[in-house]
Amino acid sequence: MSQLQAKVTTKGQITLPKRIREKLSIESGDRIEFSLDDGNQVSLHRMQPAGSSAGCAKSYLKRNDKPLTREAERTAMTDAVGQKYGPQHG
């Protein structure tokens, strides 16, 4: 990936470039973890909420399916669990 730039505001905030947000599936409200190594290189990772699917449904998608929104994925997974185990689990 080519180098991307962002400007720091007076409040110390930056806007992550769109390509990075898309690559890491970062959306508004997500939590980001930063790491700093001994050479002052910064890494960032989108944190997965506890109990998140973390992409486990990808194996059920067909190759030409469009990516699901998080809400659509949650709804589909909840429906599938409800159908398999009954409404008390959904």
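The values are calculated or read from the model by the stated rules, or taken from the named source; none is laboratory data. All values reported here derive from a predicted model rather than from experimental measurement. Neighbour counts are summed over all protein chains in view; Cβ atoms, including those assigned to glycine, are modelled from backbone coordinates with ideal geometry.
How many residues are part of a loop (DSSP other than H, G, I, E, B) and either modelled with pLDDT of 90 or more or more than 30 Å from Glu71 (Cβ to Cβ) (or both) if we restrict to the stretch 5-42? Step through it out loud before you land on a result.
Going residue by residue through the stretch 5-42, those that are part of a loop (DSSP other than H, G, I, E, B) are 5-17, 24-31, 37-41.
With the extra rule that they be either modelled with pLDDT of 90 or more or more than 30 Å from Glu71 (Cβ to Cβ) (or both), the set shrinks to 5-17, 37-41.
Residues meeting the conditions: 18.
For the stretch 1-24, which residues satisfy the criterion of being under 13 Å from the mean Cα position of the chain (by Cα) and of a type outside the set (D, E, K, R)?
Within the stretch 1-24, Ile20, Leu24 meet the criteria.
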